[in-house]
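Coordinate-derived values only; no laboratory data. Since the model is a prediction, treat every value here as computed from it, not as a measurement. No Cβ is skipped: glycine too gets one built from the backbone with ideal geometry, and neighbour counts run over all protein chains shown.
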Amino acid sequence: MPNPYFQFKQFVVFHDKCAMKVGTDGVLAGAWAQVDGARRVLDVGTGSGLIALMLAQRNPDAFVTAVDIDGAAVEQARENVNRTPWAGRMEVFRLDIREAPEDWHGRFDAIVSNPPYFVESVKCPHVQRNTARHTDELDFDALLSAVSVLLAEKGCFSVILPSAASADFVALAAGKGLHLLRRTWVHPRQELAAKRVLMAFVKYSCPQTETTHLSIEVERHVYTPEFEELARDFYLAL
């Protein structure tokens, strides 16, 4: 039976009620996202609350709002938040981000998401897992439309996606007035093609995009120094 929780250095994430379990994508997004100096932070599609908790740990001055459309995930995220010392500056809502209240407009200095991304892939029979993995409930255009409204003028939106979705997402973002500030291609190992991409977008014009590469493993279960540096504050083994 799979372990119902994942132990990090400063918090525990139970994920037995969530369709999407704790994984490397969430850890990458939570560790890489640009949140320095942010006072209001939003995690879209929070699931178990992993990214929101990482952001709260990284920025002790931020108030973190986490939203998800799935009721079971929201319940679990609230339970995970309430076990931490940061519960007083965190909130979790069951909410379709397309229906965010008007007083959220322009409110967030940082928005982070590990969104659904299997746009046309074959679906599994588990409805909750499909909602978490596929874009039927929140497609890229809808996500970017919401971000463009909710992000503060000098704010930053960070996201992790499959590398193959990068070009389309960047083009859609540009159409919403969101410009690519930096991008990190994520390789399973150095000799393998990038499977994921981390991207940060802003509302102001960027003369050029900072592009870097990150390899996760040297070999199976042996992390690269670069990944260890990124995840050091979270993984117990590092």
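Only the Cβ atoms of Lys and Arg (+1) and of Asp and Glu (-1) were treated as charged; on that basis the dipole of the chain about its Cα centre amounts to roughly 260 debye.
Between the alpha-carbon centers of region 37-56 and region 1-34, tell me the distance in whole angstrom. Each part reduced to its Cα centre gives a spacing of 12 Å.
Comparing LEU42, LEU50, LEU214 in a Gaussian network model of the chain where C-alpha atoms under 10 Å apart are linked, the largest mean-square fluctuation is found at LEU214. A Gaussian network model of the chain, with springs between Cα atoms under 10 Å, assigns the largest mean-square fluctuation among ILE69, ILE160, ILE51 to ILE69.
Take the Cα of GLN208, step 7 Å toward its Cβ, do the same at ALA72, and the gap between the two points is 4.9 nm. For region 5-231, the gyration tensor built on C-alpha atoms gives a rounded shape. Its axis ratio a/c (a ≥ b ≥ c) stays under 1.5. Note: relative contact order over the chain, using C-alpha pairs below 8 Å and six or more positions apart, is 18 percent. Extension gain for GLU99-GLN190 works out to 28.6 nm (0.36 nm per residue, less the C-alpha to C-alpha distance).
DSSP bridge analysis restricted to region 1-98 gives an antiparallel fraction near 25%, rounded to the nearest 5. Of the beta bridges in the chain, as assigned by DSSP with both residues counted there, near 45 percent are antiparallel. In terms of distances greater than 18 angstrom between alpha carbons, the cross-link table entries LYS154/LYS203; LYS176/LYS203; LYS154/LYS195 yield LYS154/LYS195. Between GLN7 and ASP233, the contour length at 0.36 nm per residue exceeds the Cα-Cα span by 80.1 nm.
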